[in-house]
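The structure appears right after this line, and notes come after that.
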Amino acid sequence: MPHFVDRVTLHAAGGNGGHGVASVRREKFKPLGGPDGGDGGNGGSVILEVDPNVTTLLTYHRSPHQRASNGTQGMGDFRQGRNGKDIILPVPDGTVVKDTSGELLADLTGAGTRFIVAQGGRGGLGNAALASKARKAPGFALLGEPGEERDVVLELKSVADVALVGYPSAGKSSMIAAMSAARPKIADYPFTTLIPNLGVVQAGDTRYTIADVPGLIPGAAQGKGLGLDFLRHIERCAVIVHILDTATYEADRDPLSDLRTIEAELAAYEGDLGEVDGYIPLMERPRVIVLNKIDVPDGRELAEFMQEELTEFGWPIHMVSAVSHEGLKELSFTLARMVEEHRASLPAVERTRQIIRPKAVGSRQEITVTRYEQDGEPLFQVRGEKPERWVKQTDFTNDEAIGYLADRLAAAGVEDELMKAGAVAGDAVVIGDIESGVLFDFEPTLSTGPELLGQRGSDLRIDQSARPTRKARKERYHDAMDAKAAARDELWTERSAGVWTDPSDS
């Protein structure tokens with residue numbers, strides 16, 4: 001049996017970027033052909049896309065974890081890694097995306113509308129892309145960036161022109177069944193409708209959709225009953241229709257008190273679409289009052305009696321019967337006229353022009369340095385998009401890659417910001433989160449330049465080993481041989497001079 005799910009938590013993870021590769025071109029008669037390492041492929045992204053054929057979020061209720069594929073590693077001979085495939089997740093029209101704190105991230109309406117939930121990581125550069133005049137044959141490559149991981153909440157707000165609200169068993173589902181081809185479950189007990197029902201109505205040349213909101217009772221806006229779960233489905237509607245039961249068996253209820261109760265619940269409900277352009281608050285939407293069940297003699301009598309009192313609200317009033325279909329035609333055309341007026345008042349949809357505002361060249365405003373005290377020792381935290389990304393791209397098993405990271409941080413002004421914050425040599429510096437970031441010892445004396453670059457895969461600023469060259473070892477060997485020959489000659493000279501003569505032999 002199909003289920004209706006209108007709220008899920010999605011755990012999305014983009015694919016990791018592939019690593020770049022460090023490779024040197026080798027051909028016959030070309031022993032040092034230069035670097036030819038290719039870049040790694042980009043990781044796939046997790047993307048939400050509105051699909052008109054999807055009506056529920058049930059798929060992601062059953063499979064809440066979605067992960068895109070990773071990019072592959074680069075190869076030699078300038079071969080690039082393969083990009084990971086994006087995951088396109090179809091969602092119903094009217095899906096709202098929030099973060100776990102409730103902040104609105106996207107309002108997905110219209111077929112084909114997309115939103116990137118988790119961006120895939122970028123592939124690392126190979127040593128061919130890192131070559132420069134100062135570093136002609138890099139012995140390292142950049143690592144691929146990890147994909148973004150994020151938890152989001154998906155909520156479905158039905159895209160309906162007309163919303164039917166009222167007490168349980170007021171006849172909302174019967175009204176939809178009588179006015180459209182929808183066939184919801186109908187019974188004579190409260191909370192029969194557990195999910196919103198949608199129907200399409202044709203009135204002349206106008207076609208519009210209607211939806212009911214189940215479970216509205218006093219306190220629904222505070223979570224009582226089912227109202228809080230389904231009030232979100234009327235946030236997009238153009239017209240609100242109050243279905244009032246004129247044949248209720250409860251002695252303490254009448255159409256006027258029911259109307260005031262439901263209006264109080266609508267006023268108490270705080271939607272989250274107020275940040276969307278063109279959103280109209282619920283209390284400013286046009287209303288229609290429908291007195292239902294006039295096919296019952298007592299119901300018709302009560303409807304005629306209450307009609308005069310309900311005129312104080314200033315809204316159109318219709319007396320109908322969902323069973324005998326009396327008055328439904330007039331109601332249908334009234335709703336069609338109000339929907340057309342709403343559609344005519346909407347601004348013309350224009351294609352949004354994408355404006356790209358690049359940051360100023362050399363800007364360091366995105367880099368921040370904060371001083372903390374940890375176990376009585378100073379700790380400086382560096383935050384910024386670039387420094388944190390560069391750290392993720394660095395292979396810390398390669399000294400030359402670490403030196404390249406030092407060059408990038410110095411050029412970005414991180415060292416200057418640390419000095420302004422009061423950091424001195426030997427202080428602890430963490431780039432990223434304090435718990436999971438990369439920890440360094442601050443060394444402001446590190447300098448840069450091609451004269452400090454050693455063999456591939458090493459950096460003289462880090463590896464200070466005093467390994468002698470071949471020439472120095474040769475000179476040291478000759479010096480030792482010369483010293484040995486000199487000592488031998490001295491011994492023969494002393495022996496010839498009789499220094500070692502034994503007096504007993506004379």
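Just so you know, all these numbers are worked out from the coordinates, no wet-lab data involved. Computed from a predicted structure; not experimentally measured.
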Original post:
Can you work out ³J(HN,Hα) from phi for every residue in the stretch 74-91, in order, using Karplus 6.51 cos²θ - 1.76 cosθ + 1.60 and θ = phi - 60°, giving whole Hz and x for Gly and Pro?
Top reply: x, 9, x, 6, 6, 7, 7, x, 7, 6, x, 7, 6, 9, 9, 9, x, 10
**OP:** Would you mind checking which residues have amide H under 5 Å from Met319's amide H? H placed 1.01 Å from N; only 5 or more apart, or other chain.
**Re:** Leu291
Subject >> Under-5 Å amide H pairs with Gly38, H placed in peptide plane, nonlocal only >> reply: Val21, Met75, Gly76, Phe78, Arg79
Original post:
What aspartates and glutamates could a cross-link reach from Lys133, if we take a straight Cα to Cα line under 14 Å and drop same-chain neighbours fewer than 8 places away?
Top reply: Glu451
Subject >> Partners for Lys30 among lysines (Cα-Cα distance below 19 Å; same-chain residues under 8 apart left out) >> reply: Lys136
Original post:
How many Å³ per residue does the convex hull of the Cα positions in the stretch 1-95 occupy?
Top reply: 105 Å³
